[in-house]
Amino acid sequence: MFSKVICCFIFVLCSISIVRINAQPCGLPCVNGNCIVETDTLIQFCNCSTGFTGDLCDMRDTTPTAPTIILGVPCSTNPCRNGGLCFTVPCGGFRCLCAPGYVGILCENQYTK
């Protein structure tokens, strides 16, 4: 019985740690993506569709390969970009702590005020 409570608590913790709010409309005209608002900082940024990059997702992404994420040890290859730090979260996931000036799930977007 006690282990079920812990499992339930961990599930809730995981759910809370990755929550994002889709904001439409928002202050950013994301061309090939959608606007995301970080729940803890309220910073808005464009989450680009596959194949696009840039602050407003208005440029083709010519990156040769996507970062590799290994199941069970997601930070072993550090999928975080632009100097972001990867750390694991409960339930086998990961989260990037972005360097100043960068936002996004993988710190792939430069933040400009």
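No value in this document is a laboratory result; all are computed from the given coordinates. Computed from a predicted structure; not experimentally measured. Every residue, glycine among them, receives a Cβ derived from its backbone with ideal geometry; neighbour counts consider all protein chains shown.
Do you know which residues across region 79-105 are surrounded by fewer than 16 Cβ atoms within 10 Å (Cβ to Cβ) and at positive phi?
Once the filter is applied, which keeps residues that are surrounded by fewer than 16 Cβ atoms within 10 Å (Cβ to Cβ) and at positive phi, region 79-105 yields 83, 91, 92, 101.
State the number of residues belonging to region 95-113 that are part of a loop (DSSP other than H, G, I, E, B) and either among the aliphatic types (A, V, I, L, M) or farther than 16 Å from residue 78 by Cα (or both).
Adding up the residues that qualify gives 8.
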